[in-house]
Structure formats: structure tokens, C-alpha cells
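Asks: Provided herewith is a single structure, encoded as C-alpha cells, for subsequent inquiry.
The values are calculated or read from the model by the stated rules, or taken from the named source; none is laboratory data. Computed from a predicted model, the values in this text were never measured in an experiment. As a convention, Cβ positions derive from the backbone with ideal geometry for all residues, glycine included, and neighbour counts pool all protein chains shown. Note: accessible area is taken over every heavy atom of the protein model, side chains too, but ligands, DNA and RNA are not part of it. Shrake-Rupley method; radii C 1.70, N 1.55, O 1.52, S 1.80 Å.
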Amino acid sequence: MYTISQLANEFQISTRTVRYYEELGLLEPSRSDGNQRVFSKREYARLKLITRGKRYGFQLDEIKEMVTLFDKDRTGTKQLQKTIEYGTKKVAEVEERIRELTELKNEMNELLTDFQRRLGGETNGYDT
């Protein structure tokens, strides 16, 4: 069992964030006799999935759908199918962003090369 502070420290997030995830229905801690939140290994695993999903750029509603699907289908099949669906979409978004950034980098390098040429060939280490 984990306290809210232990989870927050473990995942390097604020206790407010943990409470927010609870408000959204992503986490469902039990309560101690003193009415303090007590998080199980299940909640720990869910928080691990949530933080991983956030790191990969998923929206909280997408994460909630993926995480809660396991409660509806204990085989995990529907959860995996939805994760693959969202993951495929996210990879395409990342690839598009990489393409955009590569294009931007190339444009910037062309400008820098032009500027260096205008200054008579001086270089400032910007060429890649």
C-alpha cells in the first residue's frame, strides 16, 4: 500500500496531480480508518501507465479509455487493441512532427549558409 505522498515522490509528480487523476476516475484509492487515501499495487500500476501515456503525448481521455478497458475485459484484448489504435496514430503524429522539424532545420541551415556567404565565408559552426 502507498500513500499519496509516496506515489507523488515515486513518479515525480505533485500530490495535486494524483488527486486530479482521482477526480477524473483514473485512480480509485481506498481510504484508511483516518480517511486518508491508500493506494494499492493496482493503483501504482495504473499511475505508471498514466505517466507513461503522458510522456508519449496521449491525452488524459485517451489514457483513461486505455486504462479502464482492462476493468471491462480482463483478457486485456480490448485494452491492447485500443492501445495499438492510439499508438499507431501517435507514431504518425510524431513522424509528421519529425518531418516538419527536419524541414525547418534544413531551411535554417540554408539561411545560415547564405548569411555566412554574404559575410565572406565566415563560419560560426552552424553547418550540419
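Asks: With Glu28, Glu85 as the choices, which residue is over 29 Å from Tyr2 (Cβ atoms), open to solvent by 70 Å² or more (accessible area, probe 1.4 Å) and either acidic (Asp, Glu) or more than 19 Å from the chain's Cα centre (by Cα) (or both)?
Replies: Numbers: Glu28 fails: over 29 Å from Tyr2 (Cβ atoms).
None of the other options fit; the residue is Glu85.
Asks: Which condition number does Gly76 fail, the rest of (1) open to solvent by 90 Å² or more (accessible area, probe 1.4 Å); (2) touching a Phe, Trp or Tyr at 6+ places or on another chain (Cβ under 8 Å) being met?
Replies: If we test Gly76 against (1) open to solvent by 90 Å² or more (accessible area, probe 1.4 Å); (2) touching a Phe, Trp or Tyr at 6+ places or on another chain (Cβ under 8 Å), just (1) comes out false.
Asks: Could you identify the single residue in Leu80, Leu60 that is aliphatic (A, V, I, L, M) and under 21 Å from Ile4 (Cα atoms)? Give the steps one after another, and end with the answer.
Replies: Numbers: Leu80 fails: under 21 Å from Ile4 (Cα atoms).
When all the criteria are applied, what remains is Leu60.
Asks: Do we find a residue being of a type in the set (Val, Ile, Thr), assigned to a helix (DSSP H, G or I) and under 29 Å from Glu10 (Cα atoms) anywhere in region 96-115? Can you show your working first?
Replies: Of the residues in region 96-115, the ones of a type in the set (Val, Ile, Thr) are 98, 102, 113.
From the residues that got through so far, the ones that are assigned to a helix (DSSP H, G or I) too are 98, 102, 113.
Then drop every residue that is not under 29 Å from Glu10 (Cα atoms), which leaves none.
Within region 96-115, not a single residue is of a type in the set (Val, Ile, Thr), assigned to a helix (DSSP H, G or I) and under 29 Å from Glu10 (Cα atoms).
Asks: If you don't mind, another one. Being open to solvent by 40 Å² or more (accessible area, probe 1.4 Å), within 15 Å of the chain's Cα centre (by Cα) and free of Cβ contacts under 8 Å to residues at least 60 places away in the same chain is the requirement here; does Gln59 meet it? Reasoning before the result, please.
Replies: Details: open to solvent by 40 Å² or more (accessible area, probe 1.4 Å): yes; within 15 Å of the chain's Cα centre (by Cα): yes; free of Cβ contacts under 8 Å to residues at least 60 places away in the same chain: yes.
For Gln59, the condition - open to solvent by 40 Å² or more (accessible area, probe 1.4 Å), within 15 Å of the chain's Cα centre (by Cα) and free of Cβ contacts under 8 Å to residues at least 60 places away in the same chain - is met.
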